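The values are calculated or read from the model by the stated rules, or taken from the named source; none is laboratory data. From a predicted model like this one, the values you see are computed outputs, not experimental measurements. Glycine gets a Cβ as well: all are built from the backbone with ideal geometry, and neighbour counts include every protein chain shown.
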Amino acid sequence: MSIEGIFIAPSASMPMQSVAEGTLIPGKGIEGDRYCNFTGTYSVLRISKRKPGHREPGRQLTLLSAESVEAALDRAGLSRPSSLGDIRRNIVIRGISSGKLLAAAGRVVRIGQACRVLIHRHTVPCMYNERKNRIPGMTEAIWNDSGVSCEVLRGGAFRVGDSVEITEEKREIDDGNQPPGYYISPSQRTAHMVKSALEINREKKMEYLKVDPVGVERVDASYGTVGLKFWPNEK
């Protein structure tokens with residue numbers, strides 16, 4: 001399997017830019033990308049399981065299976081985005097299924113010759129990106145094929161065409177202290193899950209306002225560009 005595309009955005013809600021090569025920075029992400037700079041839509045979230053109060057390491061980098069997301073959209077009878085970069089994942093890989101990527105959680109992945117990343121969890125799609133792409137139904141259609149979240153262990157340069165390999169090396173994952181129903185597609189969530197998630201987000205907002213008020217505003221600003229609201233109304 002190999003890298004088909006590399007995509008970065010300088011800040012939250014900005015268009016993804018296709019680049020021929022990139023540099024991974026350990027503990028941060030791809031140089032020039034919003035999550036490497038802690039200016040991504042969800043950078044404010046501090047839900048690490050291993051280090052409560054810190055950002056989860058899997059927010060650093062995302063990988064996507066090209067053929068799986070294409071097949072998922074085709075099965076649903078939906079149009080494909082003009083670029084797979086519009087799914088808003090960093091590295092698009094050709095030659096592996098989403099199922100194999102998800103099954104590799106806890107495994108170290110080699111990217112190019114030098115780089116090593118650890119797959120932590122499923123990167124779930126969101127209504128924000130569905131609205132941004134103007135493809136109704138996209139969230140449900142690609143739910144199981146929307147990529148994986150990774151931590152950069154060893155940095156270095158890499159480029160389109162480089163090989164990618166899931167190694168045998170295993171490490172402990174941190175899949176985040178996510179709200180109830182987070183990994184379940186919206187159509188399958190119970191009313192209790194939805195209510196609990198709203199309550200948790202309401203409480204978290206107050207915590208985050210103390211440490212990163214700009215980040216709190218950034219989430220709603222991003223969602224606002226597509227007519228949505230992230231944070232629930234205060235009681």
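Is it the case that region 66-77 has a residue that's assigned to a loop (DSSP other than H, G, I, E, B), modelled with pLDDT of 95 or more and on the phi > 0 side of the Ramachandran plot? Step through it out loud before you land on a result.
At the first step, the residues of region 66-77 found to be assigned to a loop (DSSP other than H, G, I, E, B) are 76-77.
Adding the requirement that they be modelled with pLDDT of 95 or more leaves 76-77.
Cutting the leftovers down to on the phi > 0 side of the Ramachandran plot gives us 77.
For region 66-77, residues assigned to a loop (DSSP other than H, G, I, E, B), modelled with pLDDT of 95 or more and on the phi > 0 side of the Ramachandran plot: present.
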(request) Report yes if some residue within region 19-30 is of a type in the set (S, T, Y) and touching a strand residue (DSSP E or B) at 6+ places or on another chain (Cβ under 7 Å); otherwise report no. (result) yes
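Of everything in region 84-95, what is assigned to a helix (DSSP H, G or I) and not charged (D, E, K, R)? Give them in sequence order.
Scanning region 84-95 gives L84, G85, I87.
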(request) Could you identify the single residue in G112, G147, G161, G106 that is on the phi > 0 side of the Ramachandran plot and touching a helix residue (DSSP H, G or I) at 6+ places or on another chain (Cβ under 8 Å)? (result) G147
(message) Within region 207-214, does at least one residue satisfy the condition of being hydroxyl-bearing (S, T, Y), touching a residue at least 24 places away in the same chain (Cβ under 8 Å) and surrounded by 12 or more Cβ atoms within 10 Å (Cβ to Cβ)?
(response) yes
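Got a sec? Which helices (runs of 4 or more DSSP H) wholly within region 96-196 have at least 2 residues that are touching a residue at least 24 places away in the same chain (Cβ under 8 Å), surrounded by fewer than 17 Cβ atoms within 10 Å (Cβ to Cβ) and in the same structural domain as I47 (by TED's automatic domain parsing)? Before you say what the answer is, go through the steps one by one.
Numbers: elements: 98-103, 127-133, 138-141.
Those helices (runs of 4 or more DSSP H) span 98-103.
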(request) Go through region 25-53 residue by residue and tally those that are assigned to a loop (DSSP other than H, G, I, E, B) and under 13 Å from the mean Cα position of the chain (by Cα). (result) 9
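Per-residue answers, yes or no, for (1) over 14 Å from the mean Cα position of the chain (by Cα); (2) β-branched (V, I, T); (3) within 18 Å of G27 (Cα to Cα):
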| site | (1), (2), (3) |
| --- | --- |
| S146 | no, no, no |
| G176 | no, no, yes |
| S187 | yes, no, no |
| M193 | yes, no, no |
